[in-house]
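Novice: Let me give you the structure first, and then I'll get to my questions.
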Amino acid sequence: MTPVGRGRAPATGRPGWVTAGLGVALAGVVRLHRAIPNSPGRVGSLVESFLPWAGVVVALLFVVALVRRSGVGLVALLLPVAVWVQAFGGLLLPGSDAGTGTRELVVVQHNVSDENPDPAGTARALVAAGGDLVALEEVVVPALAVYEDVLGADYPHHVVHGTVGIWSKYPITEERLVDIRPRAFEEGWNRGLRAVVRTPYGDVAAYVAHLPSVRVGARGLASAPRDESARMLGNAVRGEEVGAVILMGDLNGTVDDRGLGPLTSQLNVAERGFAFSYPAGLPLARIDQVLARSATVGHIRTLPATGSDHLPVAARVTLDPLQGSGRFAP
């Protein structure tokens, strides 16, 4: 009888300490994710791409602690809860509708997919969102005429360079290609543009970009071209002379991913909303972004699915007072 009793005590206590240890480790990952090395395999970026989902892991650990009636585990899990809420809790707060007199633009961002079987239906869905600006990626030649036709009635001003385009309710006074092509990519790879939009609140430099794709494989996250393209885009934004900047695009990375640091270090990210946009069938991450300078991205949300493998996102962008026009000294 004595050996059996000795065998039970460790089995009862051990799961609580394991749960507690996992909780503390998870809190460390969320709080100190920048300390995770990015080599080999860009593991740091990989972890950061799915960082918000740490909240789900914490919830599962809570269930384990409750089932095992582990006081140690439950108390220890308060730490990762506090860390997660501090990092992501604000995104859960509801967005507020803008009041009269605000300097707000509604922007819609969508990778429409070069294999979209229904570009007309996609365009109609985007019009229904009621945005002031609509940014599209993977606009291929066969579908371009459809987007121009359907969007044209509500958005009389538009610019397309390569496979990215912007449609605007307001006049576009300047436009040009932005070179974000990684050195290893072939000539003709054009996925960036800049347009100056004359809004009721002053000029806004609107950038649309589609950064290179990343892949997860046995060697980790393959993101070097994406990171190189992000640095080039970051340099372009840093040199922008118009005070207010809005960047819309499929950046193939989350705002927590250090690979987008050249952008997120100088542009404001959305304050409310997770808006996981990819893949459309089971959204796990928001890689479709709206970022801004001299403006606040107050709330971002996903729109209903279209014929694309991405969900569209819509964001409310409020320009800072006196920043819609004028020039910026970098």
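Every number in this text was worked out from the coordinates using simple rules, so none of it is lab data. This is a predicted model, so every value here is computed, not measured. Note: ideal-geometry Cβ built from the backbone for every residue, glycine included; neighbour counts use all protein chains shown.
Novice: Which value does Rg/Rh take for the chain over its C-alpha atoms, Rh per Kirkwood?
Specialist: With Rg and the Kirkwood Rh in hand, the quotient comes to 1.06.
Novice: List, largest first, the extents of the alpha carbons of the range 45-146 along their principal axes, each in whole Å.
Specialist: 63, 41, 25
Novice: Okay, next question. Which residue fluctuates most in the GNM of the chain (Cα springs below 10 Å): Ala292, Ala143, Ala270?
Specialist: Its mean-square fluctuation being the largest, the pick is Ala143.
Novice: Under a no-solvent Debye model with one identical scatterer per Cα of the range 147-289, what's log10 I(q)/I(0) at q = 0.11, 0.18, 0.20 Å⁻¹?
Specialist: -0.44, -1.15, -1.34
Novice: Another question about this same structure. Please compute one quarter of the surface area of the Cα convex hull for the range 223-326 and express it in square nanometres.
Specialist: 6.7 nm²
Novice: Within the range 170-231, list the trypsin sites (Lys or Arg not before Pro) lying in a DSSP loop whose Cβ has at most 15 other Cβ atoms in a 10 Å radius.
Specialist: In loop regions of the range 170-231 (DSSP not H, G, I, E or B), the sparsely surrounded trypsin sites (Lys or Arg not before Pro) are Arg183, Arg219.
Novice: Give the peptides 272-279, 167-174 in descending order of average Cβ contacts within 10 Å, highest first.
Specialist: Taking the mean over residues of other Cβ atoms within 10 Å, the ranking is 272-279, 167-174.
Novice: If each of Leu284 and Arg176 carries a label point 7 Å out from its Cα toward its Cβ, how far apart are those two points in nm?
Specialist: Result for the modelled spin labels: 4.0 nm.
Novice: DSSP loop (so not H, G, I, E, B), at most 11 other Cβ within 10 Å: list which trypsin sites (Lys or Arg not before Pro) in the range 26-126 pass both filters.
Specialist: Qualifying residues, ordered by number: Arg69.
Novice: Counting other C-beta atoms within 10 Å, and keeping those with at most 11, which DSSP coil GluC sites (Glu not before Pro) do you find in the range 105-166? Mind dumping the intermediate values first?
Specialist: Values: sites: Glu115, Glu137, Glu138, Glu148; in loops: Glu115, Glu138.
Listed in order of number, the matching sites are Glu115.
Novice: At 222 nm, what value in deg cm²/dmol follows for the chain if DSSP H runs of at least 4 each add -39500 (n - 2.57) and the sum is divided by all its residues, to the nearest 500?
Specialist: Result for the chain: -10500 deg cm²/dmol, rounded to the nearest 500.
Novice: What do you get for the angle between helix 54-67 and the principal long axis of the chain? Use alpha-carbon atoms, 0 to 90 degrees, nearest ten.
Specialist: 30 degrees
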